[in-house]
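*Asks:* My questions will all concern the structure given below.
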Amino acid sequence: MAHDRFRLAAAFPRPASRPGRPGYTAATPIQAQSLPPILEGRDLLAQAPTGSGKTAAFGLGLLQRLDPAESRCQALVLCPTRELADQVGRQLRRLATGIPNLKLSVLTGGMALEPQIASLEAHDPQVVVGTPGRVQELARKRVLHLGVVRTLVLDEADRMLDMGFEEPVREIANRCHGQRQTLLFSATFPDAIRELARQLLRDPVEVSVEGGESAPDIEQRFFDVDPQFRQKAVAGLLLRYRPESAVVFCNTRKDVDEVAGSLRQFGFSALALHGDMEQRDRDEVLLQLANRSCNVLVASDVAARGLDVEDLAAVVNYELPTDVDAYRHRIGRTGRAGRRGLALSLVAGRENARAGMIAAAQDLSLLLLIRCRRSIPYTFTWSPYPYKKNIYIDTKTIQLIIITIA
């Protein structure tokens, strides 16, 4: 069933005012498993990794239940970040091209509040996509009316809980219609998610596409480096593998700015993305990455949630995250839509335990931890970047591995 033909005509038998069909011909595993119960009106608890096609699954379901003639909020999608909310909003608009006069509003923090209030007071949207904090605020101001919401979607619920949004999510759910359909999507199922689902969902159908044929094809490589050479090692790896586009993940905002600046000094077109930036600046950075005006984005975890870059070639971990789930979310930016991805991680001595934990969780051999110690000077003449300095490479491994830059 994982890749059955995706016959939308069968899924949506009514001919008028039905969701659009933007090029779908075959279902992804999460779509094949979740669409039938969603269309039946069942609550859903779904474990699905980033890039699995879950937005189309819940999007088609919630649009099917809409009454375009009713000018009230009928569907609400909660997302952990502004970037993910924007991405979901864009995809839902594409899916809804066949529904006339549909109003869809994206309501997130980091944007001016007054225009959002004015828009809601002028005309209620039928579909809202938003972040928990801003949706809670607008509901408390009585300008966003959730009493007739028929479909509530919690997208990337584990991240919302990690970011401290459990109380707003519960309050928002209580404001929605008591007989609503609730769809909860999460990359992981920790105890907190299980408890949230137990309280908010009614007799849910549970599906999971983790592992097996749904697993993205991502080549993962770990590099043992001296901490003082991290920034140079990132530049060296980008030169060695030459990805057309890459995201470099850092654990702190300070590192984001410093690494982006370092890469620019080395000749890369690199931009920073983190939560301290104004929304217009964040949007401009994402636009430049999408149109390839820059080829390297240096980002924090929260800022990169919902990052929508077609065919991202590589992910680089400047420093390993502290838990396996965060690592999976990071590398899930690459290797999407059946493409092969590449994940390169720098590991300093104190991070060996993290590397071991990540490897064990994915049944990877720690032999993949490539130790770069002895090196000789070498000058790249084929680099696509305007880079002219000497680079040191390790000649003791099968692959040519960059370690430091002089």
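*Asks:* When you check R82 against the structure, is it in contact with a Lys or Arg (Cβ under 8 Å, 6 or more places away or on another chain), crowded, with 16+ Cβ neighbours inside 10 Å, closer than 30 Å to S208 by Cβ and of a type in the set (D, E, K, R), yes or no?
*Replies:* So R82 fits the description; yes.
*Asks:* Hey, another quick one. Report whether or not R280 is modelled with pLDDT of 90 or more and either out of contact with any Pro (no Cβ under 7 Å at 6 or more places or on another chain) or farther than 17 Å from L238 by Cα (or both).
*Replies:* Working: modelled with pLDDT of 90 or more: no; either out of contact with any Pro (no Cβ under 7 Å at 6 or more places or on another chain) or farther than 17 Å from L238 by Cα (or both): yes.
No: the conditions fail for R280.
*Asks:* Continuing with this model, one more query. Here is a check on your reading of the model: is Q116 in contact with a Pro (Cβ under 7 Å, 6 or more places away or on another chain) and free of Cβ contacts under 8 Å to residues at least 40 places away in the same chain?
*Replies:* Values: in contact with a Pro (Cβ under 7 Å, 6 or more places away or on another chain): no; free of Cβ contacts under 8 Å to residues at least 40 places away in the same chain: yes.
Taking the combined requirement at face value, the residue does not satisfy it.
*Asks:* Then there is this: Condition first: within 19 Å of L92 (Cβ to Cβ) and of a type in the set (K, R). Now tell me which residues in region 123-144 satisfy that.
*Replies:* Just the residues of region 123-144 that are within 19 Å of L92 (Cβ to Cβ), to begin with: 123-132, 134-135, 138, 144.
R134 - this is the single residue of region 123-144 that is within 19 Å of L92 (Cβ to Cβ) and of a type in the set (K, R).
*Asks:* Within region 381-392, can one find any residue that is outside any loop (DSSP other than H, G, I, E, B), buried (at least 21 other Cβ atoms within 10 Å of the Cβ) and at pLDDT 50 or above?
*Replies:* Scanning region 381-392, I find no residue that is outside any loop (DSSP other than H, G, I, E, B), buried (at least 21 other Cβ atoms within 10 Å of the Cβ) and at pLDDT 50 or above, so the answer is no.
So that you can scan it fast, the table gives a plain yes or no per residue for (1) crowded, with 24+ Cβ neighbours inside 10 Å; (2) in contact (Cβ under 8 Å) with a residue 40 or more places away in the chain; (3) small (G, A, S); (4) under 22 Å from I38 (Cβ atoms):
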{"site": "K141", "(1), (2), (3), (4)": "no, no, no, no"}
{"site": "L144", "(1), (2), (3), (4)": "yes, yes, no, no"}
{"site": "V148", "(1), (2), (3), (4)": "no, yes, no, yes"}
{"site": "L154", "(1), (2), (3), (4)": "yes, yes, no, yes"}
{"site": "M163", "(1), (2), (3), (4)": "no, yes, no, no"}
{"site": "V169", "(1), (2), (3), (4)": "no, yes, no, yes"}
{"site": "A173", "(1), (2), (3), (4)": "no, no, yes, yes"}
{"site": "G178", "(1), (2), (3), (4)": "no, no, yes, yes"}
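*Asks:* Taking L200, is it in contact with a Phe, Trp or Tyr (Cβ under 6 Å, 6 or more places away or on another chain) and modelled with pLDDT of 95 or more? Explain how you work it out, then say what you get.
*Replies:* Values: in contact with a Phe, Trp or Tyr (Cβ under 6 Å, 6 or more places away or on another chain): no; modelled with pLDDT of 95 or more: yes.
No.
*Asks:* Only one residue in L95, L107 is buried (at least 19 other Cβ atoms within 10 Å of the Cβ), closer than 28 Å to D281 by Cβ and not β-branched (V, I, T). Which one? Don't jump to the end; show me each part of the working.
*Replies:* Numbers: L95 fails: closer than 28 Å to D281 by Cβ.
L107 is the lone residue from the list that is buried (at least 19 other Cβ atoms within 10 Å of the Cβ), closer than 28 Å to D281 by Cβ and not β-branched (V, I, T).
*Asks:* Continuing with the same structure: Farther than 22 Å from R90 by Cα, modelled with pLDDT of 90 or more and buried (at least 21 other Cβ atoms within 10 Å of the Cβ): does that describe F222?
*Replies:* Details: farther than 22 Å from R90 by Cα: yes; modelled with pLDDT of 90 or more: no; buried (at least 21 other Cβ atoms within 10 Å of the Cβ): yes.
No: the conditions fail for F222.
*Asks:* Look at region 122-131 and say how many of its residues are modelled with pLDDT under 95 and outside any loop (DSSP other than H, G, I, E, B).
*Replies:* 1
*Asks:* Report, by residue number, each residue of region 91-116 that is within 24 Å of D276 (Cα to Cα) and assigned to a helix (DSSP H, G or I).
*Replies:* Within region 91-116, L113, E114, P115, Q116 meet the criteria.
*Asks:* A further question on this structure: Quick check: is even one residue across region 343-354 under 17 Å from the mean Cα position of the chain (by Cα) and modelled with pLDDT of 85 or more?
*Replies:* First pass over region 343-354, keeping only residues under 17 Å from the mean Cα position of the chain (by Cα): 343.
Remaining after also requiring modelled with pLDDT of 85 or more: 343.
Yes, region 343-354 has at least one match.
*Asks:* Quick check on my filter: what residues within region 132-145 are in contact with a strand residue (DSSP E or B) (Cβ under 9 Å, 6 or more places away or on another chain) and in a loop (DSSP other than H, G, I, E, B)?
*Replies:* L144
*Asks:* Being at pLDDT 90 or above and crowded, with 23+ Cβ neighbours inside 10 Å: is that true of L320 here? Even if it seems obvious, please write down each step before you answer.
*Replies:* Working: at pLDDT 90 or above: yes; crowded, with 23+ Cβ neighbours inside 10 Å: yes.
Answer is yes for this residue.
*Asks:* Given the conditions (1) outside the structural domain of S52 (by TED's automatic domain parsing); (2) surrounded by fewer than 19 Cβ atoms within 10 Å (Cβ to Cβ), which single one is not true for V205?
*Replies:* The single condition V205 does not satisfy is (1).
*Asks:* Just to be sure, is T108 among the hydroxyl-bearing types (S, T, Y), in contact with a Ser or Thr (Cβ under 6 Å, 6 or more places away or on another chain) and either in the same structural domain as D203 (by TED's automatic domain parsing) or on the phi < 0 side of the Ramachandran plot (or both)?
*Replies:* On the way: among the hydroxyl-bearing types (S, T, Y): yes; in contact with a Ser or Thr (Cβ under 6 Å, 6 or more places away or on another chain): yes; either in the same structural domain as D203 (by TED's automatic domain parsing) or on the phi < 0 side of the Ramachandran plot (or both): yes.
Against the criterion (among the hydroxyl-bearing types (S, T, Y), in contact with a Ser or Thr (Cβ under 6 Å, 6 or more places away or on another chain) and either in the same structural domain as D203 (by TED's automatic domain parsing) or on the phi < 0 side of the Ramachandran plot (or both)), T108 qualifies.
*Asks:* Output the residues belonging to region 85-108 that are within 22 Å of R170 (Cα to Cα) and touching a Lys or Arg at 6+ places or on another chain (Cβ under 7 Å).
*Replies:* If the condition is that a residue be within 22 Å of R170 (Cα to Cα) and touching a Lys or Arg at 6+ places or on another chain (Cβ under 7 Å), then L107, T108 are the ones that fit.
*Asks:* Going through R134, R159 one at a time, which residue ends up being crowded, with 19+ Cβ neighbours inside 10 Å, farther than 21 Å from S52 by Cβ and among the basic types (K, R)?
*Replies:* Details: R159 fails: farther than 21 Å from S52 by Cβ.
Answer to the check: R134.
The values are calculated or read from the model by the stated rules, or taken from the named source; none is laboratory data. All of these numbers come straight from a predicted model, not from anything done at the bench. No Cβ is skipped: glycine too gets one built from the backbone with ideal geometry, and neighbour counts run over all protein chains shown.
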